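We did not get these values from a lab; they are worked out from the coordinates using the rules stated. Small disclaimer: the values here were computed from a predicted structure and weren't measured. Neighbour counts are summed over all protein chains in view; Cβ atoms, including those assigned to glycine, are modelled from backbone coordinates with ideal geometry.
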Amino acid sequence: GGTIGILGGGQLGRMLTLAGRNMGYRFVTLDPTEDAPCGQVADQIQANFDDVEAARRLAARSDVITYEFENVDANVTNILMEESYVPQGSHLLYTTQHRLREKRAIEAAGVPVAPYAEITSEADLREAAERFGTPCVLKTATGGYDGKGQWVLRSLDEVHEAYETLSRAKTELVLEQFIHFDKELSVIAARSPRGEVKAFPAAENIHVHNILHESIVPARIPVPVQKAAEELAIRIAESLGVIGLIAVELFLTKDGQLYVNELAPRPHNSGHYTMEACRTSQFEQHVRAICNLPLGSTELITPVVMVNLLGEHIAPLHDRLAEPGFLENEDLGVSAKLHLYGKKEAKEKRKMGHFNLLTDDVAKALTWIEQTGIWESK
Ligand code: ATP
Ligand code: MG
Ligand code: MG
């Protein structure tokens with residue numbers, strides 16, 4: 001038993017709560033949004049994330065505290081650590097909040113990242129862009145998500161404009177060489193305080209407009225490459241002393257080279273497939289890890305494709321939902337497991353839910369996605 005506090009009340013907190021409640025835990029979330037997705041299934045303290053008094057109230061009510069996003073204010077982290085128990089600690093947040101610190105930590109684990117350079121002036125940017133060649137990718141060191149805070153330089157003519165634009169964010173900048181990847185993968189690993197580590201099967205991720213669209217598992221790559229990706233995630237989890245989950249986003253090139261793109265110290269959208277397709281879901285695994293329970297088996301029970309439902313997909317979904325043979329398609333052999341996050345306004349690009357498509361062959365699930373027509377409006 002006991003109460004788990006979650007900083008952040010979005011869909012990740014909601015699914016964490018749903019998993020942890022089955023294990024007998026109570027949940028309380030801190031989030032500024034009224035009726036947040038997690039607040040619908042947990043108690044909610046409605047306040048801003050930098051509200052120190054609200055953080056104290058969360059600490060007072062929680063035996064264990066975790067978070068569902070990485071941009072947690074250092075001040076708030078300190079309060080939570082002093083007044084409650086934050087098994088994940090502050091160091092992992094400090095590292096993953098900043099792309100340069102994160103890349104250095106990955107390199108220290110002996111794992112490759114795309115060649116990068118710290119950029120502190122326009123002259124720096126010009127020099128590094130000349131060295132890496134174009135295209136190359138300028139990113140803000142902090143605060144970016146869904147491709148926000150990034151500029152892909154197609155030619156050196158863009159140096160001035162790219163620097164002017166991104167340096168307005170008042171954070172350090174980093175330039176990355178463009179990796180002409182064959183596939184994007186991710187691996188989610190968990191580590192517990194007693195040092196047990198397990199990785200989930202590698203997912204093959206397809207992004208549309210920089211937002212995750214599909215995760216395909218098993219990834220359509222040779223098994224030794226899947227294993228190499230999983231081992232690499234385990235090495236990172238051990239080297240960084242991770243407690244809880246760490247999601248590792250990777251690029252795979254044609255010649256079989258793996259590079260880490262970035263990390264997320266929390267449940268990850270590309271891990272939602274585990275909810276029905278693995279013996280243990282990423283959410284249950286996170287609860288086990290932060291509560292120092294033995295980790296669950298990460299074995300894949302069935303091939304699966306996870307497909308995201310964004311705001312623009314909700315109306316076409318409702319047109320089809322009640323149709324016989326839609327959720328349970330016997331012709332294709334696809335069982336569609338629907339997850340909706342309880343968000344009221346279906347705004348464009350907003351993550352509203354996802355499907356886990358269970359099948360004996362991921363190609364059938366991809367056909368199901370095409371046949372529904374729901375994702376045509378990309
Ligand atoms: P999120 O946190 O939502 O995953 P983000 O804003 O932190 O996204 P990244 O993951 O760094 O952004 O990049 C978004 C996408 O842009 C990547 O998934 C990849 O498709 C592409 N990308 C990023 N960096 C590179 C690179 N160096 N070479 C080639 N493609 C890249
Ligand atoms: Mg990111
Ligand atoms: Mg990313």
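Relative contact order for the chain: 13 percent, from Cα pairs under 8 Å spaced at least 6 residues apart, divided by residue count. Computed per residue of the chain from DSSP H runs no shorter than four, each worth -39500 (n - 2.57), the mean residue ellipticity at 222 nm is -9000 deg cm²/dmol. When the range 183-372 is described by a simple charge dipole with +1 on each Lys and Arg Cβ and -1 on each Asp and Glu Cβ, the residue from Ile188, Met275, Val287 located farthest towards its positive end is Val287.
Neighbour counts of C-beta atoms inside 10 Å place Glu312, Glu70, Glu122 in the sequence Glu122, Glu312, Glu70, starting with the fewest. When we measure straight from the Cα of Lys351, which aspartates and glutamates land under 12 angstrom away, once same-chain ones fewer than 8 places off are left out? Straight-line reach from Lys351, under 12 Å: Asp146, Glu312. For the chain, a Gaussian network of Cα nodes joined below 10 Å ranks Ala60, Ala114, Ala336 by mean-square fluctuation, and the top entry is Ala60. The residues neighbouring Lys183, those whose beta-carbon lies less than 14 Å from its own, together hold a net charge of -4 under the Lys/Arg +1, Asp/Glu -1 convention. Largest GNM mean-square fluctuation across Val208, Val174, Val64, computed for the chain with C-alpha springs under 10 Å, falls on Val208. Comparing mean-square fluctuations of Glu249, Glu118, Glu130 from a GNM of the chain with C-alpha springs under 10 Å, the top value falls on Glu130. Principal axis analysis of the Cα atoms in the range 183-372 yields extents of 48, 39, 30 Å, listed in decreasing size.
The residues packed around Glu68, meaning those with a beta-carbon under 13 Å from its beta-carbon, carry a net charge of +1 if Lys and Arg are +1 and Asp and Glu are -1. If you take the square roots of the eigenvalues of the alpha-carbon gyration tensor of the range 1-87 and sort them as a ≥ b ≥ c, do you get rounded (a/c under 1.5), prolate (a/b over b/c) or oblate? Oblate. Over all other residues within a Cβ to Cβ distance under 14 Å of Ala346, the charged ones net out to +2, with Lys and Arg as +1 and Asp and Glu as -1. Our compactness index for the chain, the C-alpha radius of gyration over the empirical 2.2 N^0.38 Å, is 0.99. In this Cβ point-charge picture (+1 for Lys and Arg, -1 for Asp and Glu), the chain has a dipole of about 720 debye about its Cα centre. What shape does the range 292-378 take by its C-alpha gyration tensor, where a ≥ b ≥ c are the square roots of the eigenvalues and a/c under 1.5 counts as rounded, a/b above b/c as prolate, and the rest as oblate? It comes out oblate by the Cα gyration axes. Ordered by the number of other Cβ atoms lying within 10 Å of each residue's own Cβ, fewest first, Ile79, Ile234, Ile243 fall into the sequence Ile79, Ile234, Ile243. Cross-link pairs exceeding 24 Å between alpha carbons, from the set Lys227/Lys254; Lys198/Lys349; Lys254/Lys337; Lys148/Lys347: Lys198/Lys349; Lys254/Lys337.
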